[in-house]
Structures are given as C-alpha cells and as structure tokens.
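The values are calculated or read from the model by the stated rules, or taken from the named source; none is laboratory data. The structure displayed is predicted, hence computed values, not measured ones. Cβ placement follows ideal geometry from the backbone for every residue including glycine, while neighbour counts extend to all protein chains displayed.
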C-alpha cells in the first residue's frame, strides 16, 4: 500500500498525517500556480479614466485627483447625469500636450452634466466641447494653452453648442485661437464670475438667445466680448443677451486666428463687438484702454463676406447701452475705416462706434439707444455710404429701451 492510500485510510500516525497533508497541499498549489496567466498590471490613469467614462451611469461622480495627468487620447462622455470633479483648477490638471488621438480634450453629448474644479491644458483642438446637451454646469474649470497665444492652439476653450440651460461660473480660459469661452446656437445661458485672457475672442455668444454675461474679466484678448449672429448655421436669430458688470480691459493682443476664420476679422483692440444681433442690453461695464474701440455695433455687411442664406438678418437692432464707464481706448485702431477716421479727425476713436448700416425705414433709435454713459463719445461711421460722412452727433440715440429680463435656468444649475 502506497502512502496516499494510507493517508486516505487514516491509518497513519497523526503527526505524520499532518506533515504529509502540508506537503501534498503545497504540491497541488504549485501545480495550479503554473497554470495561472501572468498577473495583469493595474490600469494607467488614462485607461482608468477612459473606462470610467465609457461605463458611466446617471449619478456617477468621476474624480480627478490632484496632480498633472498626461493624456494621449481625447476623452468622451455620452451618459447623462454624470459629474466630473477635480480638486481645484490649479491642482487637478489633465494635460494633452502629448495628444495623438482625438479632436478635443473632452467631448460631451449628455444631459445633466457637471464638470468642476479641474484644468484641461494644451489640447490639439477644442478643450471642452459640449454638444446637444441640456442642463450643463461648468464651474471652476480652467482651459489653457500654456505656450501663449499661437495660431496652432485649439480653437475653443469652453465650447457648449446647440445646448440649453448652460451655467459657466468661475471659469478661466487662456490661449484659444478662436474663443476662450464660447456658447453657440444655444439658449438659456449664464456666463459669470469668469476670466478670459490671451484668446482671440475672450467671451463669445454666437447665434444664441437669452444669455446673461456678467461679473467677468475679459482682458488681454484680441476682442474682449463678442455677441455675433452669423449666416448659414442651423440655429439663427441671435437676440436677448445682457452684458453687464464686466471688466473689459486692454484687449490689445494681436489677432492670431487661423486664416479664413470670421473671428480673424475682429480688429485687435476691440472691447465689445456686437454683430448682427438684436435686443442686446449693455450696462454697468468698465471699458479701459481697448486700442481700436471700446464698443462697436456693426452689420454683417461690413465684413464684405457674401452670404446666400435667405433667412438671415444681417442688421443689428434694439441695442441699449447705458450706465457704463470708459477710460482710454481708441488710440491705435486696427481697422482701415477707423484709421481713416483717426487721420481725418486727429483724435482717438470714440468710445461707441456704430457702422450706420440699417434697413430702410428704420430709425436710428430703433437700432441703438444710449443713456447715462458719462461723457462717452460716439460716431456713426456712415458705412452704407462708403464712410463718406461720419457723424459724431449722438442726439438721435438719446433714448431708452425696455430692460431685458433676468435669465433663469430651468434646472438646478443656477
């Protein structure tokens, strides 16, 4: 009888039985270990984050720990009800300086989305693009291209488009070759308490309705704040935007937009530019040392770009500018008509410039009203008459328009 038989028959002494059992168990475990696949290493941060975004469900909070995390591929999220949260815009950094795949840093197509307390740096394209989403909160987020204002930088920092109920609060956007904070073709929008620097356009509201832009700093951009309505886009009829209580200062960075972009036509040194938008209220802002012009109100026709959109209205109307302060500005205009005006007058460009283009039958007061702006100066460029007879008489614009309504968001975002 062999030893195995003796063990199973329980007829060996207890101490020997225990010793044989230990040896047999060790032999079995050793044999099993040889058949196990090599241990899988832990996922990298990038792989883990990608996996969390793919598997995300409503109510999930995806956390970004402190540190600079190098990513090589763009991120995307399609699950609604998700929050991405870091430990602060200067502590939790997603760096895409080595990005090899993806057009954006983060692409979101999901409702009830919140991103907060982190930074996204040096993406190949847009930093954060949010598309066709309802109830979006972007809070204490920084987007930046760390090499300074370069044409090769991504176009947009914070970029919600065709979305609804958008809150951008406490954001910082630096270095975008189009717009640092941009909201396009959207409705019910609040942009507040944010800072935009060294972008072509600091803050831009485009082809959108019902927006409040307030308590922001737009400084050292090509143009501080733009409110545009453009042709040949799925959503048109930009209107009902309030721009108030902002600091719009020293927006004199040379335009570095890629060739052909409409924003490339914004004159260096523009404070606020309203193009072809209706029902805009501008009040309580501080304009300081914007070298081309502090405020410019223009028709799309001044761009001399052709358009074939029969539904497009290229004329601004219902612009109400009141209770703003102005200091400096207009000393170095980056625009042929403005340069000609300066050469003719020997004076700085006035604080408020209107191109003078309007539909026949419309009165000047229906286009632009101004009230309580201190000693702000004004010029009508007479662009529809080839700038032949600019007028500095603002009396036709000494009027008031009804104040626009406060924007409230139909979500828990505000």
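Please pick out the residue among 356, 374, 330 that is outside any strand (DSSP E or B), on the phi > 0 side of the Ramachandran plot and in contact with a helix residue (DSSP H, G or I) (Cβ under 7 Å, 6 or more places away or on another chain).
Working: 374 fails: in contact with a helix residue (DSSP H, G or I) (Cβ under 7 Å, 6 or more places away or on another chain); 330 fails: in contact with a helix residue (DSSP H, G or I) (Cβ under 7 Å, 6 or more places away or on another chain).
So the residue among 356, 374, 330 that is outside any strand (DSSP E or B), on the phi > 0 side of the Ramachandran plot and in contact with a helix residue (DSSP H, G or I) (Cβ under 7 Å, 6 or more places away or on another chain) is 356.
Please determine, by comparing only the residues of segment 164-187 that are over 12 Å from the mean Cα position of the chain (by Cα) and closer than 16 Å to residue 228 by Cα, which one is surrounded by the most Cβ atoms within 10 Å (Cβ to Cβ).
Filtering first and then ranking leaves 186.
Determine whether segment 264-279 contains at least one residue that is within 18 Å of residue 334 (Cβ to Cβ), touching a strand residue (DSSP E or B) at 6+ places or on another chain (Cβ under 9 Å) and surrounded by fewer than 19 Cβ atoms within 10 Å (Cβ to Cβ).
Scanning segment 264-279 turns up no residue that is within 18 Å of residue 334 (Cβ to Cβ), touching a strand residue (DSSP E or B) at 6+ places or on another chain (Cβ under 9 Å) and surrounded by fewer than 19 Cβ atoms within 10 Å (Cβ to Cβ).
Would segment 94-105 turn up any residue that is modelled with pLDDT of 95 or more, surrounded by 11 or more Cβ atoms within 10 Å (Cβ to Cβ) and closer than 22 Å to residue 162 by Cβ?
yes
How many of the residues in segment 59-91 are within 19 Å of the chain's Cα centre (by Cα) and buried (at least 18 other Cβ atoms within 10 Å of the Cβ)?
Residues flagged as within 19 Å of the chain's Cα centre (by Cα) and buried (at least 18 other Cβ atoms within 10 Å of the Cβ) within segment 59-91 amount to 6.
Working only within segment 333-353, note down all residues that are touching a residue at least 60 places away in the same chain (Cβ under 8 Å) and assigned to a loop (DSSP other than H, G, I, E, B).
Once the filter is applied, which keeps residues that are touching a residue at least 60 places away in the same chain (Cβ under 8 Å) and assigned to a loop (DSSP other than H, G, I, E, B), segment 333-353 yields 333, 334, 335, 351.
What tally of residues in segment 280-296 results from selecting those that are under 13 Å from residue 338 (Cα atoms) and in contact with a strand residue (DSSP E or B) (Cβ under 6 Å, 6 or more places away or on another chain)? Break it down stepwise before answering.
Start the filter on segment 280-296 by keeping residues that are under 13 Å from residue 338 (Cα atoms), which leaves 291-296.
From what's left, in contact with a strand residue (DSSP E or B) (Cβ under 6 Å, 6 or more places away or on another chain): 292-296.
The qualifying residues number 5.
Condition test on residue 410, is it closer than 18 Å to residue 323 by Cα and either over 32 Å from the mean Cα position of the chain (by Cα) or outside the structural domain of residue 337 (by TED's automatic domain parsing) (or both)?
no
Can you tell me which residue in segment 24-58 is modelled with the lowest pLDDT, limited to those that are surrounded by 11 or more Cβ atoms within 10 Å (Cβ to Cβ) and more than 22 Å from residue 120 (Cα to Cα)?
Filtering segment 24-58 for residues that are surrounded by 11 or more Cβ atoms within 10 Å (Cβ to Cβ) and more than 22 Å from residue 120 (Cα to Cα), the one modelled with the lowest pLDDT comes out as 24.
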